[in-house]
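Visitor: Quick one: the structure is below, questions incoming.
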Amino acid sequence: MSKTITDVICPFCGTLCDDVEVVVSDDGKKLTEVYNACVIGTEKFLHSQSSDRVTRPRLHQEDGSWKEISYDEAAEYTAQMLAKAKKPLMYGWSSTNCEAQSVGNEIAEISQACCDNTAAVCHGTTLIAVQDIGLPSCTLGEVKNRADRVIFWGCNPSHAHPRHMSRYSIFPRGFFTGKGQMSRKLVVVDPRVTDTAKMADVHLQIEQGKDYELLNALRVAFKGEWLPDVVAGIPKEKIREVADIMKSGRFGIIFFGMGVTQSLGKNHNIDEAIAVTKDLNEYTKFSIMPMRGHYNVTGSGEVFAWQFGFPYSVDLTRGFARYNPGDSSSIDLLTRGEIDAMFTIGSDPGAHFPISAVKQIAKVPSVCIDPHMTPTSGVSKLHVPVAFNGVETGGNCYRMDNVPIDCRKVVEPPEGMLTDEQFLIKVRDRLKQLKGAA
Amino acid sequence: MSEYIIKNGHVYDPVQGIKGDKADVAIKAGKIVDKVGSGAKVIDAKGKTVMAGAVEIHAHIAGPKVNLGRIYRPEDKLFSCTPTKGMERMGGGASIPTTFKTGYEYAKMGYTTAMEAAMPPMFSRHVHEEIRDTPIIDEGAFPVFGNNWFVMEYLKNHEVENTAAYIAWLLRVTKGYAVKVVNPGGTEAWAWGLNCLSVNDPVPYFDITPAEIVKGLIEANEYLGLPHSMHIHPNNLGNPGCYETTLDTLKLAEGFKAKNKFGREQVMHLTHTQFHSYGGTNWGDFESKAKEVTDYVNKNKNITIDTGNVTLDETTTMTADGPFEHHLTGLNHLKWANVDVELETAAGVVPYIYSPNISVCAIQWAIGLEIPLMMKDPMRCYITTDHPNAGPFTRYPRVIKWLMSKKARDTQINAFKHKDKVLSQTAIGTMDKEISLYELAQMTRAGPAKSLGLAGMCGGLKPGMDADVAVYDFNPEKPVANPDDIEKAFSRCAAVFKSGVQVVQNGEIVSTGHKRTLWVNAKVRDNPQVVRDINEKFLKYYSMTQANYEALGHHFVPNPYALEVDATNV
Amino acid sequence: MHQFILPTEEYIVATINVNLISGRTIQQGVAIESGKEKPSYRTACGIIEIDPSDLKKLGAWKSTNVRVTSDYGSVIVKAIEATQGPHPGVAFIPMGPWANSIVNPNTYSTGMPTFKGTPVRVEIAANEPVMLGIELVQKQCGVKSA
C-alpha cells in the first residue's frame, strides 16, 4: 500500500517549489512517484531510491580504492583535521538545511576556520553590489499578483529554474494579473537565443560581456538623452523601445543571473542593474531579484549573517568575524595556497570551481560530506555520505526571495545513514573535547 | 543552585510601590518569593540599585529586514566585533548586532524581555530562528496587520468578528504576540509606489481608509481581549507637520475601553512618538510639537506611548513603512533596500547618520527627551530608541543619563552646532525635570510590562512574579559626581537574573538560561467563512501553500510560552 | 549539406577562436542528480555548443570530439550544434568540470572567477576521448581513481 504526501518542498533550486506531491510506501521506506516537480526535481527525489548509493563513510586509499569506515571514525577524522589545521576552509552549505548550517557555524567558530557558501561562484558579486547600492525587491507572490513587466537579464529560467515562469513570473493569474501571461510583457537579455528568449516579447541579443554598457544606456534612455547608434551590439532604437516598455508598466521586476554576476564587470554589472531599478522607481514601481541557484544558498547567507554579520566569505581565523571578498573568498584562498584543510558540504567545488582551485583541494587533508559521488569526493581524503536533505530529512530553507520554507522528510534514508546535522553534531562535540572547550 | 537572596539593595518596584527602600529580594525555583532558606546564595547589593529586569516593548532585533540590514552593511561591523570569549559566542554590529551579541548586550544592561516590533507573517520562520538564536532574553514578535489583504477586505465591510477570527488564526500560525499596525494602508499603496499620508487617504483598489483600518483593528483586538493593545506606527512618519496626522490617529482611540484579563488598560499603544511629533512645513522651520502630542496623551488615559529617542549615532533605519524609506534615501542618498511582501506588508532599510552638527537631528534629539519629560504618567510612557531607527538599544544608558541629569542635557545642547535652533524650535532648554529611579522603573519595567499584558509575570518584584532581577552599581544615596557615571552604571549590571537563573555577574555573561518565546493563543468560535477565505487566498494569490505557511515546528520555537485567550463566548 | 573529408594528420587542422561561456542546462541538472560518476553527466556536460557557422569554419561534423584550449588549460569535449542559437562567435559548455578545466579562474579581487567570457581556441580532436567527470578532475589533480 502507498500514501501520497502533499505540499512537499523540492530541494533543488532557488525556486523552492512547495507544491510537489510524492507517493511513498506505507512504511515510509520507498518513494515511488513524484508529481508537479520539474524533471530535475523529479530526478532528485527518485535518485534517492537508487541502489548504487554510497551509504557509509569511506577513506581514500593510496591506490585509489576506498575503505569503508564508521560514522564515528569519520567524525573523529574530521574533528582531528579541523583541530590541527591553522586555516581550514569550510565550504558549501547550500544544499543542506539551516539547522545543519547552524551547527556548522559552531564548528567553524571553535576551529577558527574560514567559511563560505556557493554564493562564491554564483551571486557573491550580487552581494557585493547590494552592499554598495542596496536592493529594491519583493517576494515572488508580488510578481505573481502585480507584475506586468518582467525582465530576465543574463539568466535562463527555462533551464535553470524550470517552474519559475509557471509558478511566479509569467503564466500565473494573480490578483491584479488575471490575464496571466497576456497581462505581462517579457524582455530577455542574453547573448544566445535561449529557450527563455524564444518566449520574449523583446529579446536583446547582447554582445557577451557588455552588460554594464547596456544597463547604463538604459538609464540614459530613461531620461531621453542622447545615445550612440549601437551599444553592446543593440541598436539605440531597440534600447529606447525597452526603456519605454519598462517605464510604461505598473509593476516591473528584473530577474538576473550568472550572465551578469560571472562576466567581467561582475559586481559592477549588478550595481548598474540595481541602479536601473532605482531609477525606474522615479516613474513607476520596479523591483529586482537575483535568481539564486541552490535551494538553500540564501539560507546559508541568512544564517551566516545573523550569527556572524556577513553573508559569505567569512574569515573566523582571528576569533572574530572578518569579511573581504577577494581575500577571504574560497577560490582566492585556495589559489593562493593558504588553506591547509578542506571541509566541503552540500556543494561540489570539485566540479564547479576552476581546476586550479580544485588542485589545491587535492593537496590538503579534506572531507567531503555529500550523498553523491562527485568530483569533490573524488579528490577528497574522506567521503561522508549523508541523507538527502529535503527528501530523507526536513529542515528550514530559504527561497530566492528570502521566504523561509520548512522542507519535509518524505522517505526514510537507507538503513543506518545519518543526516548532515547528526554528523555535524558528532564532529562539533568531538572538536570541543579536542580544543578543551567545555 | 536555585535559591538566591539579593541583600540590602535599594529596591525600586512600582508594582509594590517600593521607592528605594533597602530591602531583600528572594528568589526560588525561578520565581520571586517572600523568603528563602539559609542555604540560599547571597548576592550583596549594598549601595546598589535593584529593579526588576527591564522590558523592551519595541525593537527590530529579529527577522528578514533586520538581517537584510546586517547583510548589506558590512561596515556596521567595522569597529564593533567581539571575539569568542568563555561562553559568549563571537558577535559584531554596532547598529544591528548579530543575534548572540543582541542577547548578551540586552542582558548586560539588565533587560530580560524584548519584543520584536514587526514580523511579516510570511517570514515568521525566519523571525523565530533569530529569536531562538538570541540568548537569555524572553522574546515575542508582533505580526503586522495594517496592510493585510484579509484585514482590509473584512474591515471595509466592518466585519469585526471575521477580522478577530483571522487575527486569532494568524497569531497561532506565526506564534505572534500582538496586533501591530505600520503605516496603515500606506504600505499596500507602496506596492504601486504610492502612499497614504493622512488617516483619510483611501488605499488604492481596497478603497478603505487608514482610520477605518485602525478603528477596526482596535475593535477586533478588544473583541478578542488580547494581552496587548493594538500597537501603531501612524501614517506620515517623519515629515514636518506630521503631528497633525498623529493627533488624528490618537483620536481614533476615543470611546474605546480596554477589555482583557491581563490588567491592560490602554486600547492603543503609539510607538516611537518622537518621529510623529514634528511641526513646521519644511526642514527649515521644522519644530517640536511634543507638547501638543503629550497634552493629548496626558488627557486620554486609554493610550500608552514609547519615546523613540534619537541617540546621535550613525545607525540603520528599518521599518515596514516602505514608502518612508524610499523618501529617506531621496533625502540622504544612502543605499536603500526594500522588500514588498505579498498580501501582507513591506519593509525598507536605509542607513542614517544623526549628526549633532545638523539642526534637524539635534531637534529630533530634543523632541525625544521632551516627550518623557512632559508625560505626567510614567506608567504610560516607555523609553525606546525604536532600535535601530533612532539609535542602537545599547545607548539606553545614555538616554537614561540625559533623562536623569539636566546637566548632561545641557552639555549636549552646548555641543550642538546649531544650539540656537534647538532652543528656539523646542522647549528642551526650559525643562529642569530629572526623572527619578522610581520613574525610570515605571518607564522601563512596570509600565511596558503592564501595557503588554505581562503585569502578572514580569516588570516587578512582587512574590509570585518571574525572578527577572537587575542589580546596578548605582548608589542612590550618593550624589552623582559626573552624569557619565549614570551611563556607566546602567551599561553593565553587577548582577542579572532571568527566571531565577543568574545570567550576568559583574557585567559578564555567566549563563544563557532557558529563554522563552512568548506568544498569544487566542481561541474563537469556529468561523467557516474565514477558513474558506484563507484557503482561497492561498490557492490563488500566495506563492506558497497554506500547509507550508502554517509550518512552525519545534525546532523554530524550542521553548514556547503561550498566553491563553478565550474569546469563544464573546 | 556540404560534403567534408574528415581531416587526418596529413591535412592542416583548422582552428577557430570563440568566446566561451558556461551555465546551466536542464540536462545538466538531471545528470547531476542522477550522479556525476555516470556517463549521463559526460553526455550532458562534456560538450561544447557551437554555432553552425563556426562549426563550418572549423570544418567539423557536428558530434565530433574537439580540443578546447584557453590560457588556463585544455580539455576534450564533444562539439555539437548550438541548441539555443544562433550565437556566432560564442560557444557554450555547460557548467561542470569540462568547462572548469579551461575557464578564466581570475577573480580580479571580487572572489568570483570569470566563468563567462573566456577566449578559447577550438580544434578537431576526433580520435581523443572525452573523459568521465570525476576521472577528469582526478587526473588533473594527480589523484588515483579506483
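The values are calculated or read from the model by the stated rules, or taken from the named source; none is laboratory data. None of the values given here were measured: they were computed from a predicted structure. Neighbour counts run over all protein chains shown; Cβ positions are idealised from the backbone, glycine included.
Visitor: So which residues in the stretch C:26-67 are of a type in the set (A, V, I, L, M, F, W, C) and more than 25 Å from A:S158 (Cβ to Cβ)?
Guide: Scanning the stretch C:26-67 gives C:L58, C:A60, C:W61, C:V66.
Visitor: Further, regarding this structure: What strands (runs of 3 or more DSSP E), lying completely within the stretch A:363-438, carry at least 2 residues that are of a type outside the set (G, A, S) and either under 20 Å from A:D340 (Cβ atoms) or within 14 Å of chain C (Cβ to nearest Cβ) (or both)?
Guide: In the stretch A:363-438, the matching strands (runs of 3 or more DSSP E) lie at A:366-369, A:382-384.
Visitor: Which of the residues belonging to the stretch A:5-47 are hydroxyl-bearing (S, T, Y) and either under 26 Å from A:A119 (Cβ atoms) or in the same structural domain as A:Y168 (by TED's automatic domain parsing) (or both)?
Guide: A:T15
Visitor: OK, next. Please indicate, with yes or no, whether at least one residue in the stretch A:201-216 is closer than 19 Å to A:M291 by Cα, at the interface with another protein chain (Cβ under 9 Å from one of its Cβ atoms) and part of a helix (DSSP H, G or I).
Guide: Checked against the condition, which is being closer than 19 Å to A:M291 by Cα, at the interface with another protein chain (Cβ under 9 Å from one of its Cβ atoms) and part of a helix (DSSP H, G or I), the stretch A:201-216 yields no hits at all.
Visitor: Quick check: anything in the stretch B:397-416 free of Cβ contacts under 8 Å to residues at least 60 places away in the same chain and either in contact with a strand residue (DSSP E or B) (Cβ under 7 Å, 6 or more places away or on another chain) or basic (K, R) (or both)?
Guide: Within the stretch B:397-416, one or more residues are free of Cβ contacts under 8 Å to residues at least 60 places away in the same chain and either in contact with a strand residue (DSSP E or B) (Cβ under 7 Å, 6 or more places away or on another chain) or basic (K, R) (or both).
Visitor: Please enumerate the residues belonging to the stretch B:112-156 that are touching a strand residue (DSSP E or B) at 6+ places or on another chain (Cβ under 8 Å) and without any contact (Cβ under 8 Å) to a residue 60 or more places away in the chain.
Guide: Passing the criteria: B:A114, B:E116, B:P143.
Visitor: Next question, about the same structure. Does any residue of the stretch A:99-111 turn out to be of a type outside the set (A, V, I, L, M) and under 30 Å from B:H333 (Cβ atoms)?
Guide: No: zero hits.
Visitor: Being closer than 24 Å to B:K450 by Cα and among the basic types (K, R) is the filter; apply it to the stretch B:355-399 and report the residue that is surrounded by the fewest Cβ atoms within 10 Å (Cβ to Cβ).
Guide: Here the answer is B:K376.
The rows are residues; the columns are (1) farther than 21 Å from B:S355 by Cβ; (2) surrounded by fewer than 21 Cβ atoms within 10 Å (Cβ to Cβ).
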| residue | (1), (2) |
| --- | --- |
| B:T273 | yes, no |
| B:S277 | no, no |
| B:G284 | no, yes |
| B:S288 | no, no |
| B:K291 | yes, yes |
| B:T294 | yes, no |
| B:V297 | yes, no |
| B:N302 | yes, yes |
| B:G308 | no, no |
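Visitor: Among what's in the stretch B:515-545 and is away from chain A (no Cβ under 13 Å) and in contact with a Ser or Thr (Cβ under 7 Å, 6 or more places away or on another chain), pick the residue that is nearest to B:F142 (Cα to Cα).
Guide: That would be B:K523.
Visitor: Among the numbered criteria (1) assigned to a loop (DSSP other than H, G, I, E, B); (2) facing another protein chain (nearest Cβ under 9 Å), which single criterion is violated by A:R56?
Guide: Result: A:R56 passes all but (2).
Visitor: Would you point out the residue of the stretch B:328-337, among those that are assigned to a helix (DSSP H, G or I) and touching a residue at least 12 places away in the same chain (Cβ under 8 Å), that is surrounded by the fewest Cβ atoms within 10 Å (Cβ to Cβ)?
Guide: Of everything passing the filter in the stretch B:328-337, B:N332 is surrounded by the fewest Cβ atoms within 10 Å (Cβ to Cβ).
Visitor: Give A:G337, A:G326, A:G319, A:G350 a once-over and let me know the one that is within 12 Å of chain C (Cβ to nearest Cβ) and assigned to a loop (DSSP other than H, G, I, E, B).
Guide: A:G326
Visitor: Within the stretch B:295-315, is there a residue that is modelled with pLDDT of 95 or more and under 30 Å from B:Q546 (Cβ atoms)?
Guide: No, the conditions are met nowhere in the stretch B:295-315.
Visitor: Looking only at residues in the stretch B:524-570 that are modelled with pLDDT under 95 and in contact with an Asp or Glu (Cβ under 9 Å, 6 or more places away or on another chain), which one is nearest to A:E99 (Cα to Cα)?
Guide: B:H555
Visitor: If a residue must be over 24 Å from the mean Cα position of the chain (by Cα) and surrounded by 21 or more Cβ atoms within 10 Å (Cβ to Cβ), how many such residues does the stretch B:455-473 contain?
Guide: 0
Visitor: Looking at B:K215, B:K259 in this structure, which one is closer than 18 Å to B:K301 by Cα and part of a loop (DSSP other than H, G, I, E, B)?
Guide: B:K259
Conditions (1) touching a residue at least 60 places away in the same chain (Cβ under 8 Å); (2) among the hydrophobic types (A, V, I, L, M, F, W, C); (3) part of a helix (DSSP H, G or I); (4) crowded, with 22+ Cβ neighbours inside 10 Å, marked per residue:
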site: A:E241; (1), (2), (3), (4): no, no, yes, no
site: A:M246; (1), (2), (3), (4): yes, yes, yes, yes
site: A:F255; (1), (2), (3), (4): yes, yes, no, yes
site: A:H268; (1), (2), (3), (4): yes, no, yes, no
site: A:A273; (1), (2), (3), (4): yes, yes, yes, yes
site: A:K278; (1), (2), (3), (4): yes, no, yes, no
site: A:M289; (1), (2), (3), (4): yes, yes, no, yes
site: A:R292; (1), (2), (3), (4): yes, no, no, yes
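Visitor: While we're on this one: Given the options B:K417, B:K401, name the one that is over 27 Å from B:T319 (Cβ atoms) and of a type outside the set (F, W, Y).
Guide: Being over 27 Å from B:T319 (Cβ atoms) and of a type outside the set (F, W, Y) holds for just one of B:K417, B:K401, which is B:K417.
Visitor: While we're on this one: List the strands (runs of 3 or more DSSP E) inside the stretch A:101-178, counting only whole elements, that have at least 1 residues being facing chain B (nearest Cβ under 10 Å) and of a type in the set (G, A, S).
Guide: Numbers: elements: A:114-117, A:134-138, A:149-153.
It comes to A:134-138.
Visitor: Can you tell me which residue is farthest from the other protein chains (Cβ to nearest Cβ) among those in the stretch C:108-138 that are surrounded by 24 or more Cβ atoms within 10 Å (Cβ to Cβ), among the aliphatic types (A, V, I, L, M) and not in a strand (DSSP E or B)?
Guide: Filtering first and then ranking leaves C:L136.
Visitor: C:A91 - would you say it is at pLDDT 95 or above, buried (at least 22 other Cβ atoms within 10 Å of the Cβ) and part of a helix (DSSP H, G or I)?
Guide: Against the criterion (at pLDDT 95 or above, buried (at least 22 other Cβ atoms within 10 Å of the Cβ) and part of a helix (DSSP H, G or I)), C:A91 does not qualify.
Visitor: Here is a check on your reading of the model: is A:K363 basic (K, R) and in contact with a His (Cβ under 8 Å, 6 or more places away or on another chain)?
Guide: no
Visitor: A further question on this structure: Kindly indicate which of C:S74, C:S101, C:S145, C:S63 is facing another protein chain (nearest Cβ under 7 Å) and within 13 Å of the chain's Cα centre (by Cα).
Guide: Of C:S74, C:S101, C:S145, C:S63, the one residue that is facing another protein chain (nearest Cβ under 7 Å) and within 13 Å of the chain's Cα centre (by Cα) is C:S101.
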